[in-house]
Structure formats: structure tokens, C-alpha cells
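Below: the structure, in C-alpha cells.
The values are calculated or read from the model by the stated rules, or taken from the named source; none is laboratory data. In this text, all values refer to a predicted model and were calculated from it rather than measured experimentally. Neighbour counts run over all protein chains shown; Cβ positions are idealised from the backbone, glycine included.
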Amino acid sequence: MTATRSTTHRATGFRLGVAWVMLWVALALHVTDEALTDFLSVYNPTVLALRARFGFWPMPTFEFREWLTGLALGILFLASLSRFAFRNVRWIRPLFYFCAVVTGVMNALGHTIATVLGHTVSTVQFPRPAPGFYSSPLLLIVSIYALLQLGRTRHLPSSRRDYTSTSGGERVEGVPK
């Protein structure tokens, strides 16, 4: 591989890592926004209303402390995976797509739509803007940037390959030494 191509791969991997860090930082800001604007006062009644309507709804209700602790631990977990994003490690990509689409794009659009409507379900109305709305534009922009970086790096190899020897002396890709 030429020096230019190697440098390009590292730069692209670096941009992927930066996108990963930007995403978990934007999520942390979004959770802070939700906590400061009493998100659970809208979320919990919405879940209860949906359960009453459909008999089952797969989302739990939360107390503030457990909700915030769970989200903080989740964000810390994402932060701990940053080095793998910078290396464009293959297994992190599905998690990255999930975070960008679900916790990013869909989450931001949900807060935006709720702000426009002034309610989540007909029985749960609130003064506008919806809790968590202020950070939604940033979350949406960062998520779109992350998806663009994922698309740009999908055919690039990881910047570091792990190898180990087998009993026959040949090298096997993907297994740490």
C-alpha cells in the first residue's frame, strides 16, 4: 500500500472515530437536556397511555434516578468503545448504525414532531417545546454526519489487524495474539 493510500485510510478512520465521539457527546448533551426539561413527565404518561390502549407496550416506565443512571452508563459504555471506532473495527459498525439511526435520527425527529404537535398521544399534552427538543437539532446533525462517515468507510480495512499463529504456523486474521 502506498503512503498516500495509507494516510487516506487513517484520515478516514480518524473521521469515523471523530463521528463516534461526536455522537456520544451529542447523546450526553441530549440526556442533559431531557433531564433539565423533565422528560419523564411526558415519557412515563405516554408509555402508560399506550399500555392502556394496546394492552402491552414494550417500553418501561422509569424513576428519575434509574433513568439517568442507565443512560449515563450507556453513554460511558459508548465512550469506552471510541478506540474501536477510530480503528474502523468491523464489529462496531452495526452498533454505530443503530446508535446513529435510533438514538440519533429517530430520537431527534421524535422530539421535533412532539414539539410541533404539542403532544405525544392525545391524552399527554405539554407546553411547547417538548422536553429534550433544544438538543435535537445537534443530535440530528451529528447523526447524519455519522451515517455519512459510516458510508464513506464501509469498504476500508481496519487500521490495525490482529493475527495469531495456528498450530501449523500459518497466520489467522481476526484472532488476537
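Couple of notes before you dig in:
- Cβ pairs under 7 Å, 6+ apart, first in region 143-168 and more than 17 Å from Pro94 (Cβ to Cβ), second at pLDDT 65 or above and outside any helix (DSSP H, G or I): Ser159/Arg87; Ser159/Asn88; Arg160/Arg87
Rundown of residues vs (1) of a type outside the set (S, T, N, Q); (2) at pLDDT 95 or above; (3) closer than 30 Å to Arg152 by Cα, yes/no style:
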{"residue": "Thr8", "(1), (2), (3)": "no, no, yes"}
{"residue": "Ala11", "(1), (2), (3)": "yes, no, yes"}
{"residue": "Phe14", "(1), (2), (3)": "yes, no, yes"}
{"residue": "Val18", "(1), (2), (3)": "yes, yes, yes"}
{"residue": "Met22", "(1), (2), (3)": "yes, yes, yes"}
{"residue": "Ala26", "(1), (2), (3)": "yes, yes, yes"}
{"residue": "His30", "(1), (2), (3)": "yes, yes, yes"}
{"residue": "Asp38", "(1), (2), (3)": "yes, yes, no"}
{"residue": "Leu50", "(1), (2), (3)": "yes, yes, no"}
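- Selection from region 32-69 of residues that are farther than 16 Å from Ser135 by Cα and outside any helix (DSSP H, G or I): Gly55, Phe56, Trp57, Pro58, Met59, Pro60, Thr61, Phe62, Glu63
- Residue match in region 70-89 (condition: free of Cβ contacts under 8 Å to residues at least 60 places away in the same chain, assigned to a loop (DSSP other than H, G, I, E, B) and more than 21 Å from Ala146 (Cβ to Cβ)): no
- The residues in region 74-132 that are closer than 21 Å to Phe14 by Cα, of a type in the set (S, T, N, Q) and in contact with a helix residue (DSSP H, G or I) (Cβ under 8 Å, 6 or more places away or on another chain) can be counted, and the count is 2.
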